[in-house]
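Q: The structure under discussion is supplied below as structure tokens; questions concerning it will follow.
Just so it is clear, none of the values below were taken in a lab; they were calculated from the coordinates. A quick note: this is a predicted structure, and the numbers were derived from the prediction, not measured. Here Cβ is always computed from backbone atoms with ideal geometry, including for glycine, and neighbour counts include all displayed protein chains.
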Amino acid sequence: MTENNNQVRIFDTTLRDGEQSPGASMTLNEKLELAELLESMGVDVIEAGFPAASPGDFECVSEVARRSSSIIVAGLSRAVSRDIERAGEAVNKAERPRIHTFISTSPVHMKHKLKMGENAVLEAVGRSVTQARGLVDDVEWSAEDATRTEFDFLCRCCDLAIASGATTINIPDTVGYSHPEEYRDLFERLINNVSNSDKAIWSTHCHNDLGLAVANSLAGVAGGARQVECTINGLGERAGNAALEEIVMAMRVRKDAFQYQTEIDSTKLSRASKRVSQITGFPVQYNKAIVGKNAFAHESGIHQDGMLKNNQTYEIMNPEDVGVSATSLVLGKLSGRNAFRDKLESLGYDLDQEALNDAFARFKDLADKKKDVFDEDIIALVDDQLSGADEAVSLNALKVVAGTNGPQIAEIELSNEGEMKSASAEGNGPFDAVFNAIRAIVPHDAVLELFQIHAVTEGTDAQATVSVRLSEDGLVATGKSSDPDTLVAAAKAYMHAFNKLEIRRKKVKET
Ligand code: KIV
Ligand code: ZN
């Protein structure tokens, strides 16, 4: 089905499966920004959401579709007529629309979740794919929990989906249960046993419950799949999905072992990872492959010595290949606007004039406080600005009295839907005082589940990145912010999480 038999399509589901991670909600503007970044990176298919899930999801998929050019835009739907209609409506403005419809096929899902027998599931497969094919030419069908499905039944479902018009067949390892040999074997057997298997592209979709998602995806490709479903930073339900950056770089670095190509511009991987982390508030672990802070750091003397002699001694890819620049020392307080703009461009930012002016003013402010400004500082500063841009409640001013002689007191001013409000509160320590002052202005019952502080760079004048997770009535939201003042970063991170929680609350009300 593909023009070049070694070409593998990258299907990114950060906006759909990724957003299903507890606490990873994104605003419409953030999703649109990510969709643009993913398209510019060379992703083949973007799953922009689940249109029937809520009006917000519908709007997001339609807007991603309307703004797309060559990328395929997919909307997810259950095997339910109303879902398929909504998915069709949402994607129809895309140059290349796709409906992705799914139903569970494993005994455990059919019995306990669907309460349907095999015949009813088969009937739903034929009906849903036929309906979707009546709306768009490009239909993907997924067998949810495929890896725990009885093989003959899976073959019958796939056969029927293809006969009904599906052009891509996805075989998800929904619960992350499979292992590479088994998953590869499953594709080989399906492709050999489904009579019309050559009429569809076969796709992997692996969850990471056993830490095998990337290995399983690559094994699926070896078994004949030519589409890989994945997410930036491996975001997704529970332990997440296969990480896009790891799949792309494994195929690139080990061309000898995996003789497949993707269209991904790998120099954008680092930027995509940082944006997704900032937007969702999910920090990337330091030792994460490809995009972790330490992925190209060499600590031991023996390694450093080897690197100085020849970087191939301890590096299998160049940092530049994934968009990490070799030297990250950049600008100082005497640097001008042109140098700053060039730096932003080299880091992958394309800001309009107003955003550029704002970023430059923040940079000057930072350079006054901090002697050396590194790439990481600029990225933290601009990402923070972009994330705060369309928030309903945001920080305007903060003053904190802290120290050995309590009580610690915070005086805060917030903009609430454009209206300035101030409050003062005491706390058990300065952070508690800040959060109490926020609660005095916007009362809420959310519980602070997680609070983490990291330094963006080395040095006592480093900016701090604070991550905050709030939870309320089973809803979780995460916020992240950076500032040279840790208390300011904490207040902004709390506000990000609070605003995201509000989005989650609305989404729940809409469904
Ligand atoms: O994990 C899964 O099975 C899914 C399907 C909806 C494709 O995400
Ligand atoms: Zn999934």
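Q: Can you list the residues, at least 5 places off or on another chain, whose amide H is less than 5 Å from the amide H of Gly236, using H built in the peptide plane?
A: Those qualifying (amide H under 5 Å, at least 5 residues apart or on another chain) are Ser21, Asn241.
Q: Can I ask one more? Each residue of segment 335-352 in order: what ³J(HN,Hα) in whole Hz does its phi give by Karplus 6.51 cos²θ - 1.76 cosθ + 1.60, θ = phi - 60°, with x for Gly and Pro?
A: 5, x, 4, 5, 4, 5, 4, 4, 4, 4, 4, 5, 8, x, 8, 10, 9, 6
Q: A further question on this structure: Could you tell me what percent of the DSSP beta bridges with both partners in segment 124-226 are antiparallel, to the nearest 5? Each step should come with its number before you reach the end.
A: On the way: 0 of 9 bridges.
If I count the DSSP bridges inside segment 124-226, around 0 percent turn out antiparallel.
Q: Against the longest alpha carbon principal axis of the chain, how many degrees, from 0 to 90 and to the nearest 10, is the axis of helix 353-369 turned?
A: The helix 353-369 is inclined about 50 degrees to the chain.
Q: With θ taken as phi - 60° and the coefficients 6.51, -1.76 and 1.60, list the Karplus ³J(HN,Hα) couplings across segment 178-195 in order, rounded to whole Hz; mark glycine and proline as x.
A: My calculation for segment 178-195 gives 6, 9, x, 4, 5, 5, 4, 4, 4, 5, 4, 5, 5, 5, 6, 9, 7, 5 Hz in order.
Q: How big is the dipole moment of the chain about its Cα centre under a simple scheme where the beta carbon of each Lys and Arg is +1, that of each Asp and Glu is -1, and everything else is neutral? Debye, nearest 20, please.
A: For this selection, approximately 380 debye.
Q: Quick one: order Asp461, Asp372 by neighbouring beta-carbon count within 10 Å, fewest to most.
A: Least crowded to most crowded, the residues run Asp461, Asp372.
Q: Can you put Arg275, Arg78 in order of Cβ neighbours within 10 angstrom, beginning with the fewest?
A: By the 10 Å Cβ count, ascending, the order reads Arg78, Arg275.
Q: Using the Karplus curve 6.51 cos²θ - 1.76 cosθ + 1.60 with θ = phi - 60°, what ³J(HN,Hα) values do you get for each residue of segment 381-391, in whole Hz, with x for Gly and Pro?
A: For segment 381-391, the Karplus curve yields 5, 6, 4, 5, 5, 5, 5, x, 4, 10, 8 Hz.
Q: With angles folded into 0 to 90 degrees, how steeply does helix 151-163 sit against the dominant principal axis of the chain? Use alpha carbons for both and round to 10.
A: 90
Q: Provide Cys157, Cys60, Cys206 in ascending order of the number of other Cβ atoms located within 10 Å of each residue's Cβ, fewest first.
A: Least crowded to most crowded, the residues run Cys157, Cys60, Cys206.
Q: For the chain, what does -39500 (n - 2.57) per DSSP helix run (n ≥ 4), summed and divided by total residues, give at 222 nm, in deg cm²/dmol to the nearest 500?
A: The helix-only estimate for the chain comes to -12500 deg cm²/dmol at 222 nm.
Q: Mind listing the long-range amide H neighbours of Asp138? Cut-off is under 5 Å, sequence gap 5 or more, other chains count too, H placed in the peptide plane at 1.01 Å from N.
A: HN-HN under 5 Å from Asp138: Ile99.
Q: Which angle from 0 to 90°, rounded to the nearest 10, does the C-alpha axis of helix 213-222 make with the longest principal axis of the chain?
A: It is inclined by approximately 40 degrees.
Q: Pairs Lys31/Lys480; Lys333/Lys399; Lys288/Lys507: which exceed 20 Å Cα-Cα? Before the final figure, lay out each step's value.
A: Details: Lys31/Lys480 17 Å; Lys333/Lys399 25 Å; Lys288/Lys507 31 Å.
Result: Lys333/Lys399; Lys288/Lys507 exceed 20 Å.
Q: For segment 111-205, what does the alpha-carbon gyration tensor say about shape, rounded, prolate or oblate, given a ≥ b ≥ c as the root eigenvalues, a/c under 1.5 as rounded, and a/b over b/c as prolate?
A: Since a/c reaches 1.5 but b/c is at least a/b, the shape of segment 111-205 is classed as oblate.
Q: Quick check of the Kirkwood formula: for the chain, what is the inverse mean of 1/r over all pairs of different Cα atoms, in Å?
A: 24.2
Q: Would you please give the residues with an amide H less than 5 Å from that of Val393, counting only those at least 5 places away or on a separate chain, with H modeled from the backbone geometry?
A: Under 5 Å from the amide H of Val393 lie the amide H atoms of Glu417, each far enough along the sequence or on another chain.
Q: Still on this model: Which of the trypsin sites (Lys or Arg not before Pro) found in segment 425-511 are in a DSSP loop and have at most 10 neighbouring Cβ atoms, other than their own, within 10 Å?
A: When the trypsin sites (Lys or Arg not before Pro) of segment 425-511 are filtered for loop state and at most 10 Cβ neighbours within 10 Å, nothing remains.
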